[in-house]
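Scroll down for the structure; my scribbles are underneath it.
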Amino acid sequence: VIEAMRSGKLDVAYFGPFSYILAADVANVEAFAVPMRSDGRTTYNSIIITHAESGIKSISDLKGKTFAFVDPASTSGHLFPRAMLQKAGIDPEKDFSSMVFAGGHDAVELAVKNRKVDAGADSDKTYDRMVKDGLIDPKVNLIIAKSDPIPGSPWAWRRDLPDDLKGKFKTAILELGEKRPEILAGLSGGIAGYAEAKDADY
């Protein structure tokens, strides 16, 4: 997606916070809207989870265990949990018996549920959705750590788009919650609407 924006193949895209920072650095993009949850928050959290029968109670218990991140460019599935681990004195490259990138947030949750790994990193948005959908049980997939709030995943456009087009895009997205709630109802993550975002948020 970043390369497509940089080469002019895409005009507007939805990024994770970390991938947006990468895109803003190389692809001349700018954030303009961010999802808003039903409680009005535009932030979310990274979490570290484990299986209830793993014996793991805290981050300090993770040394020597198997661990799954989501993707190298994932904010809540790699960047923030890596920082949390390092702050707790755990070097993922040295202190896990094995470490994998599962490729998706759902995949990490299922890997923990099915005991493929001892613990993993995810976002609370995915966790809450999977609990709501009955895909995981909060009594089985236990949260043992939570990050500070992370700015939400932004919609961003190429800065060189015409101002009138950008204005139409922004208005359409920001009015979705009020004018077309049925569209949001079909999206995952419990999005109630969109709020204005700016590059400085990230």
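Per-structure values
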read-out: Segments 131-142, 73-84, 49-60 sorted - mean Cβ within 10 Å per residue, highest first; value: 73-84, 49-60, 131-142
read-out: Relative contact order (percent, whole number), the chain, Cα cutoff 8 Å, 6+ residue spacing; value: 36 percent
read-out: Table column - 3J(HN,Hα) (Hz), segment 92-104, Karplus curve with 6.51, -1.76, 1.60, x for Gly and Pro; value: x, 6, 10, 9, 8, 5, 7, 9, 9, 9, 6, x, x
read-out: Prolate/oblate/rounded label for segment 148-202 (Cα gyration tensor, a/c 1.5); value: oblate
read-out: Of all accessible heavy-atom area on segment 99-202, the percent that carbon and sulfur account for (1.4 Å); value: 53 percent
read-out: Percentage relative contact order, segment 95-202, counting C-alpha pairs under 8 Å, at least six apart; value: 20 percent
read-out: Placed amide H near L10: partners under 5 Å, 5+ positions off or other chain; value: M5
read-out: Listed residues S19, S98, S147, most fluctuating in the chain (Gaussian network, C-alpha, under 10 Å); value: S98
read-out: Label-to-label distance, nm, for residues given as D95 and D11 (7 Å Cα→Cβ offset); value: 4.8 nm
read-out: Violating pairs (Cα-Cα greater than 27 angstrom) within the set K146/K198; K168/K198; K57/K132; K125/K179; K132/K170; value: K132/K170
read-out: For D118, distant residues with modelled amide H under 5 Å away; value: T66, F67
read-out: Segment 9-105: C-alpha pair distances exceeding 15 Å, %; value: 68 percent
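The values are calculated or read from the model by the stated rules, or taken from the named source; none is laboratory data. These numbers come from a predicted model, not from an experiment. Glycine also receives a Cβ, built like all others from the backbone with ideal geometry; neighbour counts cover every protein chain displayed. To get the accessible areas, we keep the full protein, side chains included, count just its heavy atoms, and leave off ligands, DNA and RNA. Shrake-Rupley method; radii C 1.70, N 1.55, O 1.52, S 1.80 Å.
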